Amino acid sequence: MSQELPSQYNPKEVEEKWFDLWAKTPLLHAEADPKKKPFTIVIPPPNVTGILHMGHALNNTIQDILIRTRRMQGKEALWMPGTDHAGIATQNVVERKIAKEGLKRHDLGRDEFLKRVWQWKEEHGSTIIHQLKRMGATCDWQRERFTMDEGYSKSVVEVFVRLYDKGLIYRGDYIINWCPRCQTALSDEEAPHRDLDGKLYYIKYPLKKTEDGRQKTEDGKTKKQKNIKTDYTDYIVVATTRPETMLGDTAVAVNPTDKRYKHLIGETIILPLMEREIKIIADHLVDKKFGTGAVKVTPAHDPNDYQMGKTHNLEFINIMHPDGVLNENAGDYAQMDRFEAREAIIEDLKERKLLLKIDEHKHAVGHCYRCHTIVEPYLSKQWFVKMKPLSKPAIKAVKSGEIKFYLKRWTKVYLNWMENIKDWCISRQIWWGHRLPVWYCQDCKAVLVSRVTPEKCACGSTKLEQDLDVLDTWFSSWLWPFATFGWPFLEKQSMDHGPWTMDKQKQELSYFYPTSVLVTAPEIIFFWVARMIMAGLEFMEEIPFHDVYIHGTVRDEEGKKMSKSLGNSIDPLDIIAQYGADALRFSLIAIAASGSDIFLSTERFQQGRNFANKIWNASRFIMMNLKDGVTGENIDQKTLKVQDIWVLSALNDAIKKVTKSIDTFKFNEAVNSVYEFFWHKFCDWYVEIAKDSIGDKNTQEVLLHVLKRSLLLLSPFMPFITDEISSKLPGKTNETIAIANWPVPNKAFENKAAVCAMELVFACVFALRNRRAELNLLPQVPLHVRLSTPEKKKKAAESVVSLIKHLANVAELDVTTLKEAVPNALSSLVDKDVHLDLLLEGLVDPEKEKARLDKQVADLVKQLRSKEVMLANKEFVKKAPQAVVEKEKERTVELKNTIGRLKEVRNAFK
RNA sequence: GGGCGCGUAGCUCAGUUGGUUAGAGUACUUCCUUGACAUGGAAGGGGUCACAGGUUCAAGUCCUGUCGCGCCCACCA
């Protein structure tokens, strides 16, 4: 006995009870079945400071569709959730919080500050997890991990020590990306370049007079320097976008092949403002074509110049404090902010007539990905991972096809990065994160890298101090696929999802690893995907996943990336509140074609809401008509009607299509197939037809049968509403359909004849509705109709008479095999040799109808001609596939028949 | 500078390895409110598939070029 659905679909009411239940339901078997191939996904750990945005919503919906489908298909489907500690972001959040109390982190001290961060994490860190649950994500929540968990941290330390021992981690002074606001080093990936409208300043650097008081002169100028009028007698002109760095210049460089400057190489220059003597050097790094061909060299503040500084043994002068304020090396400009100093220096140069000109100049400048401050190339002592050795197997894994990207084009992006990989700066000058497992002996200056806190140095000293830096968050994230299982199992870890033993954890890891698929956004390829592949191959000696599905970036209507900072985001939580999580999920997936970017506006979600409403009401209608004992599983095959077979066969098609589309990561196709089937086939046609025999038990069986399977097919996309409805259907077997069985096509229901017969019904009903509209006949007006068909189709036609009568309000319908046209009737071709004549005495203007028919005939003749031309083409007949040619021939015959028939009808009008 | 993607209906986009008359959602027009659903039903209008060449019996689909838009990477200071 089925329960009733409330007459109004209320997403909020429906959804709120389900995520708790899913979270409580064991989604995995207690013991992994070694015979069953698992399906594993690890969730891209969202930033612990994060709140759900559309990107997350899309990402999680896709993963949830995959995991739900595979789970229903009987796989051991594990979805490992969690969050990463997001070092810089989280620290920033907490710093902002204590700033409200008028405090800075140094006021609190490291320990106290970290306490505050943990406190914040306890209070707010699970926000995003709750939001993911609210979206319906069926993760194995009891396995939730955090990159700062005790056990996970041990993996991080283990990895650091192993890489260090292997010589793949080193420490050194290099130019790195420095964020003066966050006051930490950043990796190259964390400092994305953005184009800025900058300026290119041309500055005169005076040459030092030679000993005899004369200056060297140049013989002749080259043609290329026409636009720069330079007095080479007294000055060399350099071009720079960052004039403030000139305070740290220790040379001027020119290209050794540059004829303009050849005679000046080795000469001395007086650095303006600082009045320091610097040399002119020659280096191939200098581009002759850019600016004046002469470049100022600031080895401590530019990566290129750093290179030159090393090769030419120049002095490295750091002119900046870590916060971007100039230091004592900056002379008069000390204590000025870097941009303030720029202005001041320009003013001073102008005053001294040393500024030749300023050009507008667009150039790309690195920005901190957490606070968007312009980063400073900064010379400092940092820790690095040597990447080349790690990248080699990672390149191979993708090239060999062991790991596949969807879409394929991302492979190139990955390989390009991997093949040009640079060493990874992993130390961060912040407090929140994994402290480097490095100690320095205060006595003998030895460096100790250790898994546990060392007690004393080899020299016997106990004065050991741990490195103050912490590791890049991604240095922990890249271990996610195996560290979340407890790797490296050094000791029994406290995992809160059961009475785990180390052995069992090891078993689990070897069962679930490598994982099946990774779903993420394109910008994460370098940060995470590439590094996970390297880590997996290095530490597990196996790839971490087989497939990488890259989905699109969610953008607003103007094509901008949706982000909080731009203020253009549509909040998924608002959409959930307004339309429901099912509508959100449905619409997101329907829009998101394989990997293309997604443009969003609120209206898009109405489609999802409307569909949910349709599902609700159709289900309600079916349920309110069910007799006791109807289960949807006891269809009597012998009494199936044409329409029953047709809908069951269409259901088979839908099952096949949806399953295949999900297998090939074409989620929009999947969702459109099930939408099309449910709404436009099942509801629009079958349910309408079924109303005529709604009292029959078998009709009810079919209705329920199709409904149940439709709900299963829909459940990965719209889990809440489908589970709610299923739970109220008779004969349900599971607590939740999240663990029900995925539907499979039933061959018994495949029947071509029935499908053809139904197509005739559609064509007839369609033609008649059309006529009604043309003739302004209300649906209530009964029609008289004759169907002319060849002998062989007569039986099929007769089998659907009652359907046509019912659907098009036809009072009389004769099926004949007569070929001649009916006078005073409107004829429609409804199949290639089946005509439908609508008898209409006096209801139609013969002249008008004649004209209409003439036009129709003319159109068809045109079509026929072009077909004839095509078929006369020998090449076509020879080369085209047989089926195509046959179809064209059939079509020609069809056209000829129709034309003849229409002419007859036309002439029958008196 | 290099790489990638996109130009299809008013709008947002689908369109499988080339093969009948190019589809959907939305918007628009007309009609339909007696019990599943107006968050609905029926019918309709609307496309030179950016442009120009080429390959082919056949091109929205493949190739080349042009124009427009977008993204990513890069040490032209």
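The values are calculated or read from the model by the stated rules, or taken from the named source; none is laboratory data. Predicted model, so just to flag it, every value in this text is computed and none were measured. Glycine gets a Cβ as well: all are built from the backbone with ideal geometry, and neighbour counts include every protein chain shown.
List of remarks:
- Filtered by the rule that a residue be part of a loop (DSSP other than H, G, I, E, B) and either closer than 30 Å to A:PHE405 by Cβ or touching a Lys or Arg at 6+ places or on another chain (Cβ under 7 Å) (or both), region A:652-709 gives A:THR664, A:PHE665, A:LYS666.
- The set of residues in region A:450-470 being assigned to a strand (DSSP E or B) and without any contact (Cβ under 8 Å) to a residue 24 or more places away in the chain is empty.
- Filtered residue count, region A:781-810, keeping only those that are touching a Pro at 6+ places or on another chain (Cβ under 6 Å) and farther than 20 Å from A:TRP685 by Cα: 0
- Picking from residues in region A:29-50 that are in a loop (DSSP other than H, G, I, E, B) and under 30 Å from A:GLU95 (Cα atoms), the one that is nearest to RNA strand B (Cβ to nearest atom) is A:PRO44.
- The set of residues in region A:499-536 that are within 16 Å of RNA strand B (Cβ to nearest atom) and not in a helix (DSSP H, G or I) comprises A:THR520, A:ALA521, A:PRO522, A:GLU523.
- Index of the failed condition, A:TYR378 passing every other in (1) farther than 18 Å from A:LEU196 by Cα; (2) touching a residue at least 40 places away in the same chain (Cβ under 8 Å); (3) surrounded by fewer than 17 Cβ atoms within 10 Å (Cβ to Cβ): (3)
- Extreme residue, surrounded by the fewest Cβ atoms within 10 Å (Cβ to Cβ), among residues of region A:778-789 that are touching a residue at least 24 places away in the same chain (Cβ under 8 Å) and farther than 11 Å from A:LEU818 by Cβ: A:GLN780
- Qualifying residue in region A:457-468 (condition: modelled with pLDDT of 95 or more and either among the hydroxyl-bearing types (Ser, Thr, Tyr) or within 16 Å of RNA strand B (Cβ to nearest atom) (or both)): no
- Qualifying residue in region A:394-415 (condition: polar (S, T, N, Q) and either closer than 30 Å to A:PRO180 by Cα or touching a residue at least 40 places away in the same chain (Cβ under 8 Å) (or both)): no
- Count of region A:6-28 residues which are within 29 Å of A:THR40 (Cβ to Cβ), of a type in the set (S, T, N, Q) and within 16 Å of RNA strand B (Cβ to nearest atom): 0
- Of A:LEU853, A:LEU895, A:LEU871, all but one fail to be surrounded by 12 or more Cβ atoms within 10 Å (Cβ to Cβ), within 10 Å of RNA strand B (Cβ to nearest atom) and of a type in the set (A, V, I, L, M); the exception is A:LEU895.
- Against the test of being within 16 Å of RNA strand B (Cβ to nearest atom) and closer than 24 Å to A:LEU78 by Cα, the options A:LEU777, A:LEU714, A:LEU704, A:LEU729 yield a single qualifying residue, A:LEU714.
- Scope region A:605-634; condition surrounded by fewer than 20 Cβ atoms within 10 Å (Cβ to Cβ) and either under 26 Å from the mean Cα position of the chain (by Cα) or away from RNA strand B (no atom under 14 Å from the Cβ) (or both); matching residues: A:GLN606, A:GLN607, A:ASN610, A:LYS627, A:ASP628, A:GLY629, A:THR631, A:GLU633, A:ASN634
- Matching residues in region A:306-324 - criterion: being free of Cβ contacts under 8 Å to residues at least 24 places away in the same chain and away from RNA strand B (no atom under 16 Å from the Cβ): A:ASN313, A:HIS321
- Of the residues contained in region A:417-434, none is found to be surrounded by fewer than 21 Cβ atoms within 10 Å (Cβ to Cβ), in contact with a strand residue (DSSP E or B) (Cβ under 8 Å, 6 or more places away or on another chain) and in a helix (DSSP H, G or I).
- Subset of region A:798-853 [assigned to a loop (DSSP other than H, G, I, E, B), of a type outside the set (Gly, Ala, Ser), farther than 22 Å from A:ASN897 by Cα and more than 54 Å from the chain's Cα centre (by Cα)]: A:LEU840, A:GLU841, A:LEU843, A:VAL844, A:ASP845
- One residue from A:LEU132, A:LEU200, A:LEU163 being within 30 Å of A:TRP383 (Cβ to Cβ) and among the aliphatic types (A, V, I, L, M): A:LEU163
- For A:THR292, the requirement of being in contact with a Ser or Thr (Cβ under 6 Å, 6 or more places away or on another chain), within 13 Å of RNA strand B (Cβ to nearest atom), on the phi < 0 side of the Ramachandran plot and of a type in the set (S, T, N, Q) is not met.
- The residue list A:PRO299, A:PRO303 contains one member that is buried (at least 23 other Cβ atoms within 10 Å of the Cβ), in contact (Cβ under 8 Å) with a residue 40 or more places away in the chain and either within 13 Å of RNA strand B (Cβ to nearest atom) or among the aromatic types (Phe, Trp, Tyr) (or both), which is A:PRO299.
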